[in-house]
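Worksheet: the structure to be examined is printed underneath.
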Amino acid sequence: MYSRILVPIDGSPTSDHALAEAGQLARLTGAQVRLLHIMDPVAHVSGFERPETYRQDILPLARQNAQALLDKARGQLTDAGVATEAELIESRDASVARLVVEHASQWGASVIVLGTQGRRGIERMLMGSDAEQIARHASVPVLLVRRPAPPAASATPSA
């Protein structure tokens, strides 16, 4: 069945939920999990810093935060008894979806588990969806996990 589960994470609530689902799936199947975080170094440029400040201060801090995200997620799965490894990739102008699909192929993933915002309509059309592109182009099954909707507030009749 599934022996190698690739889990792209970004620290969002939907990503955290996908991580939990991947952990459950790995425990059920005895699969190994590889966590993948794709960092966009350009996302940390404000345009006001000097190039040497960016190279010496900002970029190392961004890498440190990205690694901390991976380490925390890896710890959660390892504590649950799941064999887990982690990989940090810098995008360098490549699309996140393309990098995930390529990494899944190179690593030999048997399934990709990732969170999705579940955008619809004009928002999806304008913003696009990495999850949708991954699902379209991956050569392995893709499990899209949405964050559960918050429970509806119960209406109590007023007296």
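Laid out as a table, the results:
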item: So T53, is it β-branched (V, I, T) and at pLDDT below 95; result: yes
item: Residue within the range 1-11 that is assigned to a loop (DSSP other than H, G, I, E, B), in contact (Cβ under 8 Å) with a residue 12 or more places away in the chain, within 19 Å of A104 (Cβ to Cβ) and in contact with a His (Cβ under 6 Å, 6 or more places away or on another chain) present; result: yes
item: Residue within the range 51-64 that is in contact with a Leu (Cβ under 9 Å, 6 or more places away or on another chain) and of a type outside the set (S, T, Y) present; result: yes
item: Matching residues, the range 55-92, being under 21 Å from L114 (Cα atoms) and in a loop (DSSP other than H, G, I, E, B); result: A80, G81, V82, A83, S91
item: Condition check for A97: modelled with pLDDT of 85 or more, among the small types (G, A, S) and either within 13 Å of the chain's Cα centre (by Cα) or not in a strand (DSSP E or B) (or both); result: yes
item: Among residues of the range 12-36, those that are in a strand (DSSP E or B) and within 16 Å of the chain's Cα centre (by Cα), counted; result: 4
item: Failed criterion for A155 (all others in (1) among the hydrophobic types (A, V, I, L, M, F, W, C); (2) at pLDDT below 60; (3) within 20 Å of the chain's Cα centre (by Cα) hold); result: (3)
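The values are calculated or read from the model by the stated rules, or taken from the named source; none is laboratory data. Treat the numbers as computed from the prediction; the structure is a model and nothing was measured. Here the Cβ is made from the backbone with ideal geometry for all residues, glycine too, and neighbour counts use every protein chain on show.
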